[in-house]
Amino acid sequence: MATIGAVAKQAGVSIASVSRVINGTAARADTEKRVRAAIIDLGYQPNSAARALKVRKSEQICLSFDDLGNPAYVSMTRGVGHVLSSTHYRLILSSAFSSVEEIVKHLETMGRGFADGLIISPIYSDPRIASLISRLRIPVVLVGTLPEGLDVDNVHVDSSSGIDMAVEHLVQTGRTNIALVNGPVTTNPGRRRKAAFEKAL
């Protein structure tokens with residue numbers, strides 16, 4: 001198995017120069033060309049685990065949804081994957097959050113250096129979830145309702161306005177027997193839609 005030392009020797013450069021090329025930091029064009037040629041010729045594969053320990057980064061972004069089969073989440077996953085494809089980060093998927101306890105366990109894992117960034121859509125509200133997210137030392141993007149007092153980047157759909165517009169349209173077209181087909185009201189989205197529907201009527 002080829003080593004970084006063998007790559008450096010074949011390319012005629014120092015190990016530090018090889019490391020700079022691998023890590024994408026400043027290196028002369030001719031040096032980078034020789035190093036990459038040596039890497040291909042020798043079949044060198046950097047040890048990601050060892051590198052992660054050295055630089056204290058996992059080079060992983062975790063995307064966490066309750067159901068990755070949801071069409072909306074499939075589109076988001078493709079979008080995130082497309083953006084990360086031009087970087088050195090890997091996309092890690094995590095799902096099946098059927099309870100608050102599972103989300104809490106997942107967030108505790110995030111706090112142990114599992115990933116360098118987290119995109120999460122917790123469908124349940126619980127003080128433990130907000131507390132754990134606030135203590136994470138990695139960038140977080142929360143998709144969905146942002147718990148009060150939690151200062152992280154947020155992307156959400158205005159379900160209330162959507163319900164208002166739908167009910168208003170139905171009323172204006174003469175409908176009087178209006179029903180809402182909703183998801184579980186134990187989840188954040190389901191609870192928001194139900195409240196907006198009842199208010200609109």
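The numbers here are math on the coordinates, done by the rules we state, and not lab data. No experiment lies behind these values; they were computed from the predicted model shown. Quick reminder, even Gly has a Cβ in these numbers, built from the backbone with ideal geometry, and neighbours come from all protein chains shown.
Could you give the angle, 0 to 90 degrees to the nearest 10, between helix 188-200's Cα long axis and the longest principal axis of the Cα atoms of the chain?
Helix 188-200 and the main axis of the chain meet at about 30 degrees.
Long-range amide H contacts for TYR124: which residues qualify at under 5 Å (H placed 1.01 Å from N, peptide plane, sequence gap of 5 or more or a different chain)?
Those qualifying (amide H under 5 Å, at least 5 residues apart or on another chain) are ASN188.
Please name whichever of PRO147, SER86, SER159 sits farthest to the positive end of the charge dipole of the stretch 61-160, dipole taken about the Cα centre and charges placed at Cβ: Lys and Arg +1, Asp and Glu -1.
The one lying farthest along the dipole's positive direction is SER86.
Taking other Cβ within 10 Å of each residue's Cβ, how do ARG128, ARG137 sort, fewest first?
Fewest to most other Cβ atoms nearby, the residues stand as ARG137, ARG128.
Out of residues 5 or more away from ILE92 or on other chains, whose amide H comes under 5 Å of its own, with H placed 1.01 Å from N in the peptide plane?
ILE61, CYS62, LEU63
Taking θ = phi - 60°, what integer Hz values does the Karplus form 6.51 cos²θ - 1.76 cosθ + 1.60 yield along the stretch 39-44, in sequence order, with x for Gly and Pro?
4, 5, 5, 8, x, 6
Across bins of 10 angstrom width beginning at 0, how are the C-alpha pair distances of the chain distributed, in whole percent?
Spelled out bin by bin, the chain gives 8, 25, 24, 18, 13, 7, 4, 1, 0 percent.
Step through the residues of the stretch 143-153 one at a time and calculate ³J(HN,Hα) from phi using the Karplus curve (6.51 cos²θ - 1.76 cosθ + 1.60, θ = phi - 60°), rounding each to whole Hz and writing x for Gly and Pro.
For the stretch 143-153, the Karplus curve yields 9, x, 5, 8, x, 4, x, 8, 9, 9, 4 Hz.
Given 5 Å bins starting at zero, what is the percent of C-alpha pairs of the stretch 58-155 in each, up to the one with the largest pair distance?
Calculated over all Cα pairs of the stretch 58-155, the distribution is 2, 13, 26, 27, 20, 9, 2, 0 percent.
Once label points are set 7 Å from the Cα along Cα→Cβ at both SER95 and VAL181, what is their separation, rounded to one decimal in nm?
Between SER95 and VAL181, the label points sit 2.1 nm apart.
Do any GluC sites (Glu not before Pro) in the stretch 69-171 lie in a DSSP loop with no more than 13 other beta carbon atoms within 10 Å, and if so, which? The partial results should precede the final answer.
Details: sites: GLU101, GLU102, GLU108, GLU148, GLU168; in loops: GLU148.
Answer in residue order: GLU148.
Using unit Cβ charges (K, R positive; D, E negative) and no other charged atoms, how large, in debye to the nearest 20, is the dipole of the stretch 58-155 about its Cα centre? Provide the component values of the computation, followed by the final result.
Numbers: 7 positive and 11 negative charges, 52 e Å.
Approximately 260 debye in magnitude.
Which order do ASP66, ASP158 fall in if you start with the one that has the fewest other Cβ atoms within 10 Å?
Ordered by Cβ neighbours within 10 Å, fewest first: ASP158, ASP66.
For the stretch 116-201, what class follows from the C-alpha gyration tensor (a ≥ b ≥ c being the square roots of its eigenvalues): rounded when a/c is under 1.5, otherwise prolate if a/b is larger than b/c, else oblate?
Judged from the Cα gyration tensor, the stretch 116-201 comes out prolate (a/c at least 1.5, a/b above b/c).
Taking amide hydrogens as modeled 1.01 Å from N in the peptide plane, which residues meet the under 5 Å criterion relative to PHE114, leaving out close sequence neighbours?
none
Using Cα springs under 10 Å in a Gaussian network model of the chain, which residue among ILE119, ILE39, ILE103 shows the largest mean-square fluctuation?
Fluctuation is largest for ILE39.
Where does each of SER75, SER159 land when they are ranked from fewest to most other beta-carbon atoms within 10 angstrom?
SER75, SER159
Let's see if you can work this out: charge +1 on each Lys and Arg Cβ, -1 on each Asp and Glu Cβ, no other charges. What is the dipole magnitude of the chain about its Cα centre, in debye to the nearest 20?
860 debye
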